[in-house]
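The values are calculated or read from the model by the stated rules, or taken from the named source; none is laboratory data. The shown structure was predicted, so the numbers you read here are calculated from the model rather than taken from an experiment. Virtual Cβ from ideal backbone geometry, glycine too; neighbours counted across all protein chains shown.
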């Protein structure tokens, strides 16, 4: 396995008459696979079987989970945790070589009790740890309700702990009664993605989609390492965000004078795109270079390769520079501009949700309309439809349903894909 790393400025030209400039840098990262070099999957399913999951919801989730077993290989590992107001091990961490026995245990889940998400995550991490060596460790945490018997802060702490041990948590909200803020924060803290299963018949497809994603992971524990040139700095407020495959605000760490951002898993068929907001002072011409060459930064990826047992490997550095011009003419990179719009769509939708919580329906509708226009600009027609529809509902005096709010959140975080035929 190796790393693909490329960098593009929103505009490579800088106006020499200005003492400083602001630019956005799009950094695109993925893993490159070689035949036979991938590590086995170590998957943990953390499944809510509380009383509200009774009947068709739990039946479809169990079927989706059993189908996943058939899509895994013998060298993969699987564990299953069931939780209501307490958590239990349904399938101990093991190789997927006794599929019928595993599926039988999944089928034994019965609906009862309340909901304690954090207990489910805690036990899931314990089981995943047993098969962690030399594998890609991923957990799917599914729930249909609020964490009424648990503690959300505790769930967030377990999610952050997972990333420290090179494990990734994905959350799946089933139906319309789960808390989108809580599941999004768990997924963001755990380095994973948030999935919305609106109706039982969608469960199988969403499980398969998420399984395809984790099966494509080639490298783990990836960190973006930026060595800034003198007189280049990142923005103070929200300086770095991921915009693909979904949008997440990324926390920044400093190691000496080096900027470090944890990216987590690198997939072989899905690019991870990060936007960095930079302020550049035009006094740092590169020594020994043409007078108009401005050094910006050097970017590298630090990563682990589970298949090879390698940790803290470093990719070759990619140097980023700009051109200082006297007769400045803006040369916007259209692809970077689209990626910037993805971040704008997310932040506009966040503002809309905040205004709605404050009771400002007019302000929320206006921000949703702005987000819809932004989605159209970037070619995301499906998200634009969702956002504009909800803006129109607010303007007409109609309350947004829980389903509407969840669709809005998902539309803000990613480019919506049309449903499968």
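Just to verify a result, which residue in the range 306-320, among those that are at pLDDT below 95 and either in contact with a helix residue (DSSP H, G or I) (Cβ under 8 Å, 6 or more places away or on another chain) or buried (at least 16 other Cβ atoms within 10 Å of the Cβ) (or both), is nearest to residue 249 (Cα to Cα)?
Here the answer is 306.
So which residues in the range 32-59 are modelled with pLDDT of 95 or more and under 25 Å from the mean Cα position of the chain (by Cα)?
Scanning the range 32-59 gives 40, 41, 42, 43, 44, 45, 46, 47, 48.
For the condition in contact (Cβ under 8 Å) with a residue 24 or more places away in the chain, part of a helix (DSSP H, G or I) and surrounded by fewer than 18 Cβ atoms within 10 Å (Cβ to Cβ), what is the one hit in 335, 348? Working first, answer last.
Values: 348 fails: surrounded by fewer than 18 Cβ atoms within 10 Å (Cβ to Cβ).
Step by step, each of 335, 348 is checked, and only 335 is in contact (Cβ under 8 Å) with a residue 24 or more places away in the chain, part of a helix (DSSP H, G or I) and surrounded by fewer than 18 Cβ atoms within 10 Å (Cβ to Cβ).
So for the range 249-271 (the condition being under 20 Å from residue 11 (Cβ atoms) and either outside the structural domain of residue 343 (by TED's automatic domain parsing) or in contact (Cβ under 8 Å) with a residue 40 or more places away in the chain (or both)), does at least one residue qualify? Reasoning before the result, please.
Restricting attention to the range 249-271, the residues satisfying the condition of being under 20 Å from residue 11 (Cβ atoms) are none.
Within the range 249-271, none of the residues are under 20 Å from residue 11 (Cβ atoms) and either outside the structural domain of residue 343 (by TED's automatic domain parsing) or in contact (Cβ under 8 Å) with a residue 40 or more places away in the chain (or both).
Can you tell me which residue is nearest to residue 123 (Cα to Cα) among those in the range 70-89 that are surrounded by fewer than 21 Cβ atoms within 10 Å (Cβ to Cβ) and in contact with a helix residue (DSSP H, G or I) (Cβ under 7 Å, 6 or more places away or on another chain)?
It comes out as 89.
Go through the range 1-110 and tell me which strands (runs of 3 or more DSSP E), entirely inside it, have 1 or more residues that are assigned by TED's automatic domain parsing to the domain that holds residue 208. Steps first, please.
On the way: elements: 2-9, 13-15, 20-32, 41-48, 77-83, 87-95.
Once the strands (runs of 3 or more DSSP E) in the range 1-110 are filtered for at least 1 residues that are assigned by TED's automatic domain parsing to the domain that holds residue 208, what remains is 41-48, 77-83, 87-95.
Out of curiosity, is residue 330 in contact with a strand residue (DSSP E or B) (Cβ under 8 Å, 6 or more places away or on another chain) and either exposed (fewer than 14 other Cβ atoms within 10 Å of the Cβ) or free of Cβ contacts under 8 Å to residues at least 40 places away in the same chain (or both)?
Working: in contact with a strand residue (DSSP E or B) (Cβ under 8 Å, 6 or more places away or on another chain): yes; either exposed (fewer than 14 other Cβ atoms within 10 Å of the Cβ) or free of Cβ contacts under 8 Å to residues at least 40 places away in the same chain (or both): yes.
Yes; evaluated as a whole, the condition is true for this residue.
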